[in-house]
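S.K.: Quick one: this structure, given as structure tokens, is what I'll be asking you about.
The values are calculated or read from the model by the stated rules, or taken from the named source; none is laboratory data. All values reported here derive from a predicted model rather than from experimental measurement. Neighbour counts run over all protein chains shown; Cβ positions are idealised from the backbone, glycine included.
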Amino acid sequence: MLKKNFKMTITTGFARPATLLVTAGRMYRSNISIEFEGRIACLEQDPITSFREIMSLDINPGAEIIVRIDGQDECEAIQCIEEQFLIRKLRESDIDN
């Protein structure tokens, strides 16, 4: 199981990062979940349900989220998420745990 903290730099809603996370959830076989302020959203195969779950966390600009990935391709999945967040300038920094 891999766990990575991301401090988000978004200045508006969380829809763009949520879309990236849902896309990653569909590309990889590993289980991916997002935690924010003690609440967890699990990415399922259904992208609409996954998107709604993530958006229900009410993640704010500047918030720190935790991405957990568990499965056979977890290394590839976390690397993809990190790269996409970095390319789109959605994260300020990250902390390995």
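S.K.: Identify all residues within region 11-37 that are under 15 Å from residue 67 (Cβ atoms) and small (Gly, Ala, Ser); write none if there are none.
M.R.: Passing the criteria: 18, 24, 25, 30, 33.
S.K.: Shifting gears a bit: So residue 89 fits all but one of (1) at pLDDT 90 or above; (2) over 12 Å from the mean Cα position of the chain (by Cα); what number is the exception?
M.R.: Single failed check for residue 89: (1).
S.K.: Could you list, in sequence order, the residues of region 58-71 that are part of a strand (DSSP E or B) and either exposed (fewer than 13 other Cβ atoms within 10 Å of the Cβ) or of a type in the set (A, V, I, L, M, F, W, C) (or both)? Walk me through it before giving the result.
M.R.: First, the residues of region 58-71 that are part of a strand (DSSP E or B): 64-70.
Within region 58-71, 65, 66, 67, 69 meet the criteria.
S.K.: Within region 43-53, can you find the residues that are among the hydrophobic types (A, V, I, L, M, F, W, C) and more than 16 Å from residue 27 (Cβ to Cβ)?
M.R.: Looking only at region 43-53, we keep the residues that are among the hydrophobic types (A, V, I, L, M, F, W, C), and these are 43, 48, 51.
48, the sole residue that qualifies.
S.K.: Would you be able to tell me the number of residues in region 3-15 that are surrounded by fewer than 17 Cβ atoms within 10 Å (Cβ to Cβ) and among the hydrophobic types (A, V, I, L, M, F, W, C)?
M.R.: 1
S.K.: Okay, moving on. Select from region 50-64 the residues that are modelled with pLDDT of 90 or more and polar (S, T, N, Q) and write down the one among them that is farthest from the chain's Cα centre (by Cα).
M.R.: Here the answer is 56.
S.K.: Sticking with this one: If you take the residues in region 40-57 that are out of contact with any helix residue (DSSP H, G or I) (no Cβ under 8 Å at 6 or more places or on another chain) and among the β-branched types (Val, Ile, Thr), which one is surrounded by the fewest Cβ atoms within 10 Å (Cβ to Cβ)?
M.R.: Within region 40-57, the match that is surrounded by the fewest Cβ atoms within 10 Å (Cβ to Cβ) is 48.
S.K.: Separate question: Could you run through region 16-39 and say how many residues are without any contact (Cβ under 8 Å) to a residue 40 or more places away in the chain and either surrounded by fewer than 13 Cβ atoms within 10 Å (Cβ to Cβ) or in a loop (DSSP other than H, G, I, E, B) (or both)?
M.R.: So the answer is 3.
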